[in-house]
Amino acid sequence: MGPHPTTIWVDMRRAVLLRSVQRVLGDADKVRDAAYAWNRHRWITIYSTVVFAAIVLLAPIGGIEQWPTRIVLGLAAVGVAVMATTEYHVVAETDTGLYVLKASRIRQVAIEVDEKVDTDAAFQPVGGTIIATDWQVGDHVYTVPKSSEQAMQRMAVGRSAPR
């Protein structure tokens, strides 16, 4: 019996992610591991609240009088606002250190280098849920899906090991 189809899918996505990081960094730096992550704008709560209130209060201008419909439209607008303010990243470990790269919104691939993380910068889990874990990487907190959690843990162990 061969590997489970889900395992094959995860391995393929990880291979695509690693290749995209290697393509961005070039051949001079060998990629050891990578994890997909995201964070939201620090004012997302205020922004979402304003968007919700605006849609609910202005819906009657468009002829929508029923409260349940107005609330559903407000929640849908909040969903769009959250997606619009979400920034996607790839945390990658290479031979020369740790990088945070900007990632595509649609596909889980790296598109450009955002920053190189200092060797003494924080790199640790700081919270999470059943489906994702929050990681402190330097000055930022990124949410990492469980599918990338093992990669983050490997990178954390690699950073703590003597070089």
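Every read-out reported here was derived from the displayed coordinates using simple, explicitly stated rules and does not represent laboratory data. All values derive from a computational prediction rather than experimental measurement. Virtual Cβ from ideal backbone geometry, glycine too; neighbours counted across all protein chains shown.
Principal axis extents of the Cα atoms in region 27-148, from largest to smallest and rounded to whole angstrom, are 60, 28, 22.
Each Lys or Arg adds one and each Asp or Glu takes one away; over the other residues whose Cβ falls under 9 Å from the Cβ of residue 102, this sums to -3.
Between 145, 125, 60, the residue with the greatest mean-square fluctuation in the GNM of the chain (Cα pairs under 10 Å linked by springs) is 60. Placing +1 on the Cβ of every Lys and Arg and -1 on the Cβ of every Asp and Glu, with nothing else charged, gives region 63-149 a dipole about its Cα centre of roughly 540 debye.
Listed by chain and number, the lysines placed with their C-alpha closer than 21 angstrom to that of residue 116 are 30, 102; residues fewer than eight positions away on the same chain are left out. Projecting the Cα atoms of 69, 110, 47 onto the charge dipole of region 44-163 (Cβ charges, centred on the Cα centre) puts 69 farthest toward the positive pole. Note on residue 104/residue 57: beta-carbon distance plugged into 1/(1 + (r/R0)^6) with R0 of 35 Å gives a FRET efficiency of 0.50. Relative contact order for the chain: 23 percent, from Cα pairs under 8 Å spaced at least 6 residues apart, divided by residue count.
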